[in-house]
Amino acid sequence: MRRLLYGKLKEWKNSPFRKPLLLDGARQVGKTWLLKEFGNKEYDSCAYITCDRNKNILELFDGNFDPQKIVTNLSVLSKTKIMPDKTLIILDEIQEAPAAISSLKYFCENCPEYHVAAAGSLLGIKTHQGTGFPVGKVNTLKLYPLSFMEFLTATGNEMLAEMVAAHHWSDTNPLSETLKGILKQYYFTGGMPDAVMAFARGDAQDVRSIQKEILRNYSADFSKHISSDEVPKTRLVWNSIPSQLAKENKKFIYSAIRKGARAKDFENAIQWLSDAGLIHTVTKVKKIEKPLKFYEDFSCFKLFISDIGLLGAMSDISEEDILLPDSTFTMYKGSFTEQYFAQQYLSATGGAPLFYYANDNSTSEIDFVFQNGNAYPCEVKAETNLRAKSMSTILKSSPNLKGLRFSMSGYKEQSNLTNIPLYLAEEYIKAVCSK
């Protein structure tokens, strides 16, 4: 399985300014596999140590911040001779050993010749007295579920992926039906590695079982890592997301969770889910002008989950519902299409801020807005219907804006509006953000 972040790992290895690496991401997105694959291919040796339920590791890092002594002990525990510049040290599930996180500072300052990569999710990370995050002493990367481009390569469609990656947008129009068919498969499978591998093996019937198991594991983590009084609130927020996205106006409504609910009742739950990488918040802006941050309205937001396949599993939508034409899935396509776009944007940009626009009385709304030099309003259409009254109004009032419309129609450029097929979303965003 090819992950696009692999190239970033190679850049990290070869950088003269390399610091210990912290690879972040939600559970089961493939962090461990990626670091092992990288270590085995790019280094003479790889010393893998998990910090999860490892008493030896907890004792090793307890009050010991001498990198040379740590390396000696890690060599023994991993049964690997650790050599400067030639061995990749992998500290997996590092959130379970807060002192190990603190030790990265000393590797950065005193032993930069050792290549240290730590993997962890924010699940279970808490403030621990006497320890601290090594601000400024680590490089960080974020791993998301497989993007659509990664899904193409994982399912044997490398030539299609290469064509899309060439950024000759119009050249993909003749292959539109093929790409749309694979896109529907991605809507069902999503990007969790185990689910993608099952689909690639031809075990599509196992995909939902894998996704349901991941959801059960996430739910179990709520009880494991959250205080007992916050667990019910967290579950209510998490379980409400499919119905929130199914609304025509996808703004998150607290009263949809529980009658009379207010922000203060659930803000901690939303923050925990966000910190854990399980949800992503898209806040409203009151104006489509740069800098967008000046016009951010934190009281209005949409919530998307980490993976479109998990959204389908949470919603109990079957493979047939998604893949068959004229199915009941039609009524849910808008929800899945916005989820898909948000997911591709985060993968393409490494988690850059994403917003949406609505005027004060919500009579005009733009699905997404992002900034890279300029501000880009984005309409996301589930089908080929390209009518977009709000986009037309915005572009007429602000002729300097460049509008982007993502839909199932082919690539087409107009004066101040470009239609981009949904299957090109990730690569088109990369192209815009690389300017």
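Taking segment 357-409 as the range and being aliphatic (A, V, I, L, M) and without any contact (Cβ under 8 Å) to a residue 40 or more places away in the chain as the test, the residues that pass are 386, 388, 391, 395, 404.
When the residues of segment 404-430 are filtered to those that are at pLDDT below 95 and of a type in the set (Gly, Ala, Ser), the one that is farthest from residue 357 (Cα to Cα) is 410. For first residues located in segment 340-356 and within 10 Å of residue 426 (Cα to Cα), partners that are in a helix (DSSP H, G or I) and of a type in the set (Asp, Glu) and lie 6+ apart or on another chain with Cβ distances below 6 Å form the pairs 344/426; 348/426.
The set of residues in segment 359-386 that are of a type in the set (Gly, Ala, Ser) and closer than 15 Å to residue 397 by Cβ comprises 364, 375. Here the helices (runs of 4 or more DSSP H) wholly within segment 127-235 that include at least 2 residues being more than 22 Å from residue 1 (Cβ to Cβ) and either touching a Leu at 6+ places or on another chain (Cβ under 9 Å) or among the β-branched types (Val, Ile, Thr) (or both) are 204-225. Within the set 330, 337, the sole residue that is modelled with pLDDT under 95 and crowded, with 19+ Cβ neighbours inside 10 Å turns out to be 337. For segment 260-276, the condition of being in the same structural domain as residue 379 (by TED's automatic domain parsing), assigned to a loop (DSSP other than H, G, I, E, B) and loosely packed, with under 15 Cβ neighbours inside 10 Å holds for at least one residue.
The values are calculated or read from the model by the stated rules, or taken from the named source; none is laboratory data. Bear in mind the structure is a predicted one, so any value in this text is a computation, not a measurement. Here Cβ is always computed from backbone atoms with ideal geometry, including for glycine, and neighbour counts include all displayed protein chains.
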